Amino acid sequence: MMLTETPDTVPPVKAGEMEASARRRWDELKAACLVCDRCALSETRTQVVFGVGDPLSEVLFIGEGPGQEEDLRGEPFVGRAGRLLDVMLASVGLNRNGVYIANIVKCRPPGNRDPLNIEQDACIGWLREQTKLIRPKIIVCLGRVAAMKIIKPDFKITSEHGLWFEKGGFLMTALYHPAFLLRDPRHKPDTFADMKSLENKMREVCTRTLPD
């Protein structure tokens, strides 16, 4: 099942609030995720990378999976790719404490390969539950793999990055993955233009998570 099949009937959380029951569900979800053994990635991980940021954010960033440094630190998007993501966020007045950042899979695929479909299918339930509790207005996919899982299976990152889609009650877009931009910096101007588009969309639909 795709994340876009998540029901869009959950009422929005009020500004500055997360009910005690919702916080309890979040803590319970994280505790369960940290001991997950739904797929073979659990056998080779150092630790589960649950996510980072503000669980009340109206903007959810989704990557494909942890790399080596993420696996060691237990936090998504650290190292060089993480520093570039921080620069991308700062370009529109955001930071990782004001958004939420997660991945399709919570454990590192060996050799930093793309997560297999069977691994994505085994892990997507954790992201689906996170999304239900966060209740974002905007979902930003980081890279081809996340966009193909979340937006549509035939997503073409080279021609469809920065475009907006509406699925399951969410506004969605995709950016080039920061690690790809490190390998091919020629696409950085496109990405920073896409970030400006994100900033404009946030000013249209968000009431709490707004750029500085």
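Residues in the range 165-194 that are among the aliphatic types (A, V, I, L, M) and under 16 Å from the mean Cα position of the chain (by Cα): how many?
Our first condition is that a residue be among the aliphatic types (A, V, I, L, M); within the range 165-194, this holds for 171-172, 174-175, 179, 181-182, 193.
If we keep only those that are under 16 Å from the mean Cα position of the chain (by Cα) too, we end up with 171-172, 174-175, 179.
Total satisfying the criteria: 5.
Starting from residues that are within 22 Å of ARG24 (Cβ to Cβ) and of a type in the set (Asp, Glu), keep the ones in the range 50-69 and report whichever is surrounded by the fewest Cβ atoms within 10 Å (Cβ to Cβ).
Residue satisfying both the conditions and the ranking: ASP54.
Could you go through the range 117-137 and let me know if any residue there is within 21 Å of LEU198 (Cα to Cα), in contact with a strand residue (DSSP E or B) (Cβ under 7 Å, 6 or more places away or on another chain), not in a helix (DSSP H, G or I) and not aromatic (Phe, Trp, Tyr).
Narrowing the range 117-137 to residues within 21 Å of LEU198 (Cα to Cα): 131, 134-137.
Imposing the further condition that a residue be in contact with a strand residue (DSSP E or B) (Cβ under 7 Å, 6 or more places away or on another chain) reduces the set to 131, 134, 136-137.
Okay, now just the ones that are also not in a helix (DSSP H, G or I), so 136-137.
Narrowing the set further to residues that are not aromatic (Phe, Trp, Tyr) leaves 136-137.
The answer is yes, given that some residue of the range 117-137 is within 21 Å of LEU198 (Cα to Cα), in contact with a strand residue (DSSP E or B) (Cβ under 7 Å, 6 or more places away or on another chain), not in a helix (DSSP H, G or I) and not aromatic (Phe, Trp, Tyr).
Name the single residue, out of those in the range 51-104 being of a type in the set (A, V, I, L, M, F, W, C) and over 25 Å from LEU171 (Cα atoms), that is modelled with the lowest pLDDT.
We begin by selecting, within the range 51-104, every residue of a type in the set (A, V, I, L, M, F, W, C); these are 52, 56, 59-62, 72, 77-78, 81, 84-85, 87-90, 92, 94, 99, 101-102, 104.
Next, only the ones that are over 25 Å from LEU171 (Cα atoms) stay: 72, 78.
Values: LEU72: 96, VAL78: 93.
Once the filter is applied, the top-ranked residue is VAL78.
Among the residues of the range 42-50, is there at least one that is modelled with pLDDT of 95 or more, closer than 30 Å to THR191 by Cα and in contact with an Asp or Glu (Cβ under 8 Å, 6 or more places away or on another chain)? Before the answer, list the steps.
First, the residues of the range 42-50 that are modelled with pLDDT of 95 or more: 42-50.
From what's left, closer than 30 Å to THR191 by Cα: 48-50.
Next cut, in contact with an Asp or Glu (Cβ under 8 Å, 6 or more places away or on another chain) only: 49.
For the range 42-50, residues modelled with pLDDT of 95 or more, closer than 30 Å to THR191 by Cα and in contact with an Asp or Glu (Cβ under 8 Å, 6 or more places away or on another chain): present.
Pick from ARG113, ARG45, ARG108: which is surrounded by fewer than 16 Cβ atoms within 10 Å (Cβ to Cβ) and farther than 19 Å from ILE138 by Cβ?
Working: ARG45 fails: surrounded by fewer than 16 Cβ atoms within 10 Å (Cβ to Cβ); ARG108 fails: surrounded by fewer than 16 Cβ atoms within 10 Å (Cβ to Cβ).
After applying the criteria, what remains is ARG113.
When THR173 is evaluated against the numbered criteria (1) among the β-branched types (Val, Ile, Thr); (2) surrounded by fewer than 17 Cβ atoms within 10 Å (Cβ to Cβ); (3) within 25 Å of ASP114 (Cα to Cα), which criterion, by number, is the only one it fails?
Exception for THR173: condition (2).
Restricting to the range 74-97, count the residues that are farther than 23 Å from MET202 by Cβ, without any contact (Cβ under 8 Å) to a residue 24 or more places away in the chain and either among the polar types (S, T, N, Q) or part of a helix (DSSP H, G or I) (or both). Spell out how you get there, then give the answer.
Let us first name the residues in the range 74-97 that are farther than 23 Å from MET202 by Cβ, namely 74-75, 78-80.
With without any contact (Cβ under 8 Å) to a residue 24 or more places away in the chain added as a condition, the list becomes 78-79.
Subsequent filtering for residues that are either among the polar types (S, T, N, Q) or part of a helix (DSSP H, G or I) (or both) retains 79.
Within the range 74-97, residues that are farther than 23 Å from MET202 by Cβ, without any contact (Cβ under 8 Å) to a residue 24 or more places away in the chain and either among the polar types (S, T, N, Q) or part of a helix (DSSP H, G or I) (or both) number 1.
Within the range 125-138, is even one residue under 25 Å from LYS188 (Cα atoms) and surrounded by 23 or more Cβ atoms within 10 Å (Cβ to Cβ)?
Checking the range 125-138: not a single residue is under 25 Å from LYS188 (Cα atoms) and surrounded by 23 or more Cβ atoms within 10 Å (Cβ to Cβ).
Spot the failing condition for ASN103; the list is (1) over 22 Å from TRP26 (Cβ atoms); (2) of a type in the set (S, T, N, Q); (3) surrounded by 16 or more Cβ atoms within 10 Å (Cβ to Cβ), and only one is missed.
Of everything listed in (1) over 22 Å from TRP26 (Cβ atoms); (2) of a type in the set (S, T, N, Q); (3) surrounded by 16 or more Cβ atoms within 10 Å (Cβ to Cβ), ASN103 misses just condition (1).
Can you tell me which residue in the range 178-207 is nearest to HIS161 (Cα to Cα), limited to those that are charged (D, E, K, R) and touching a Leu at 6+ places or on another chain (Cβ under 7 Å)?
In the first step, residues of the range 178-207 are kept if they are charged (D, E, K, R); the result is 183-184, 186, 188, 190, 194, 196, 199, 201, 203-204.
Still in the list and also touching a Leu at 6+ places or on another chain (Cβ under 7 Å): 188, 194, 201, 203.
Values: LYS188: 12, ASP194: 8, LYS201: 15, ARG203: 20 Å.
Among residues in the range 178-207 that are charged (D, E, K, R) and touching a Leu at 6+ places or on another chain (Cβ under 7 Å), the one nearest to HIS161 (Cα to Cα) is ASP194.
Can you report the number of residues in the range 166-212 which are part of a strand (DSSP E or B) and among the small types (Gly, Ala, Ser)?
From the range 166-212, those part of a strand (DSSP E or B) are 166-167, 170-175; that's our starting set.
Next cut, among the small types (Gly, Ala, Ser) only: 174.
Going through the range 166-212 one residue at a time, the tally reaches 1.
How many residues does the range 149-170 hold that are among the basic types (Lys, Arg) and surrounded by 20 or more Cβ atoms within 10 Å (Cβ to Cβ)?
Within the range 149-170, residues that are among the basic types (Lys, Arg) and surrounded by 20 or more Cβ atoms within 10 Å (Cβ to Cβ) number 1.
The values are calculated or read from the model by the stated rules, or taken from the named source; none is laboratory data. No experiment lies behind these values; they were computed from the predicted model shown. Heads up, the Cβs are rebuilt from the backbone with ideal geometry, glycines too, and the neighbour counts pull from every protein chain shown.
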